[in-house]
Structures are given as structure tokens and as C-alpha cells.
Amino acid sequence: MKWLLVIVLLTVSLGQVAHGQFSGGVEKNSASANPKITSFPKIAYTAGYDYEADLSWEPHKILTDQKIIFIFQFYNGKTGGLVPMVDYQFVVSQGGKELARISGTTTQAGDYKYFAFDKPGPVTISLEKIGDKDLSVSYNTTAYQNPNPTGPVIVVQPPANISNRERSVFPIIEDVTVGVLIVLIIWFARDPILRRLKVIN
């Protein structure tokens, strides 16, 4: 899962370079002659600066009937250090209505979710219950009408990472499984040795 996310991040970065889009770069606004500064990732802090949450999405311009990938990572809001394995809820809202709520857990490389909008208009992307606490951040953006609508898009979320609760149990299960395999190997290896000893005696 971690390597899959790294590949996705590299793909997104290479795509931005190919299209001349860089974080903090200048992008011309088709509706105006004035250049517009766009910056990714979007950065927000939880109350008390416990967490810094960085969010980016690709494509940067959100269109309806199009699968958007949202990529995010958590850092310590006070020290700036990476905070891996953070539980969260990814929430998408539009027009005062909650459209999706998906639980997940970041890895060293962060995490990502997919979403497709049916209607244009202002949207809010939130990360809630961060670290299993009552902490959240929100980002506001806009979904635009797709000039070439294709109809509803089927979105399948990426596989879920191991949650904190599962993570505390998984090492024990793994250790027990490995221990049992070692015992079985020793037992089957010991049996021929015992037979040889009986023959010699």
C-alpha cells in the first residue's frame, strides 16, 4: 500500500511538470488577463496546532463527471515533523449536504481517496477525527461543470490501511504465526533425525 501511494504521488508530480504546473507557480486565468497564483498542497492546522494537514488533488481544476484523487499527509503542527499512521475521516460536502464520509489511516507516504462530483458549485473537503480525536481541518474549493459530461462515474476507493486498533493486534498475530511455522519446521526436521538415531542404536 505504501509503495502504491509513492507511485501515485510520483505520477501526479510528473504530470504537473509535463503540464508546466509547479507548486506555487503562476497559472493564467482564462477568465482574466491577470495571472492567478495557485499553490499545492493546501495547508491547514487543527486547533492547538496538534496537526498540520497538507491536501492536494489532481486534476487541480475539479470538473463534474470526473474522478478526482485527493492526496494528504499529516505533520506535527508545532515541529513540522512527519506523523505517520494517523487515523482520520475523509468528508466531502456540497450545498450543506454531506456526500461522503470515509475512514482511513495514513502511512509514511500519506494516504489518498477518490471522489467524483455530479453537480457544480462550492465544495468543502474535510479531514475529521484526526488521530481519533475531536480535531478537524477543512478546505473550500469549487467543482465546475464539465463541458463534456460523461454521466455518473463509478468510484472504487483504494484498499484501506491498517487502523490503530488492528495495528496493535497485527504484530501479535504475525509473531504467533511465525512462531508456529518455526515449531512445525523444527518438528518435521527433527523426525528424520530421530529415525536415524534409532537405526544407529
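The values are calculated or read from the model by the stated rules, or taken from the named source; none is laboratory data. Since this is a predicted model, take the numbers as computed values, not measurements. Don't worry about glycine lacking a Cβ; one is built from the backbone with ideal geometry, like all the others, and counts go over all protein chains shown.
Residue-by-condition table, conditions (1) touching a strand residue (DSSP E or B) at 6+ places or on another chain (Cβ under 7 Å); (2) more than 23 Å from Gln157 (Cβ to Cβ); (3) buried (at least 16 other Cβ atoms within 10 Å of the Cβ); (4) not basic (Lys, Arg):
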{"residue": "Glu58", "(1), (2), (3), (4)": "yes, no, yes, yes"}
{"residue": "Thr64", "(1), (2), (3), (4)": "yes, no, yes, yes"}
{"residue": "Lys67", "(1), (2), (3), (4)": "yes, no, no, no"}
{"residue": "Tyr75", "(1), (2), (3), (4)": "yes, yes, yes, yes"}
{"residue": "Val91", "(1), (2), (3), (4)": "yes, no, yes, yes"}
{"residue": "Lys97", "(1), (2), (3), (4)": "no, no, no, no"}
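Based on what the data block shows, is Lys119 part of a loop (DSSP other than H, G, I, E, B) and of a type in the set (Lys, Arg)?
So Lys119 passes the test.
Could you grab me the full set of residues in region 134-148 that are in contact (Cβ under 8 Å) with a residue 24 or more places away in the chain and either assigned to a strand (DSSP E or B) or within 19 Å of the chain's Cα centre (by Cα) (or both)?
Once the filter is applied, which keeps residues that are in contact (Cβ under 8 Å) with a residue 24 or more places away in the chain and either assigned to a strand (DSSP E or B) or within 19 Å of the chain's Cα centre (by Cα) (or both), region 134-148 yields Leu135, Ser136, Val137, Ser138, Tyr139, Thr141, Thr142, Ala143, Tyr144.
Is it the case, given these coordinates, that Pro84 is over 13 Å from the mean Cα position of the chain (by Cα), on the phi < 0 side of the Ramachandran plot and surrounded by fewer than 20 Cβ atoms within 10 Å (Cβ to Cβ)? Spell out the reasoning first.
Details: over 13 Å from the mean Cα position of the chain (by Cα): no; on the phi < 0 side of the Ramachandran plot: yes; surrounded by fewer than 20 Cβ atoms within 10 Å (Cβ to Cβ): yes.
Criteria not met by Pro84.
I'd like the residue in region 112-130 that is more than 16 Å from Lys61 (Cα to Cα) and either hydrophobic (A, V, I, L, M, F, W, C) or modelled with pLDDT under 95 (or both) and, out of all such residues, is nearest to the chain's Cα centre (by Cα).
Taking region 112-130 first, the residues more than 16 Å from Lys61 (Cα to Cα) are 112-113, 126-130.
Checking which are either hydrophobic (A, V, I, L, M, F, W, C) or modelled with pLDDT under 95 (or both) leaves us with 127, 130.
On the way: Leu127: 11, Ile130: 13 Å.
Once the filter is applied, the top-ranked residue is Leu127.
For Gly131, all conditions in the list (1) touching a residue at least 40 places away in the same chain (Cβ under 8 Å); (2) part of a strand (DSSP E or B) hold save one; what is the number of the exception?
Result: Gly131 fails condition (2) only.
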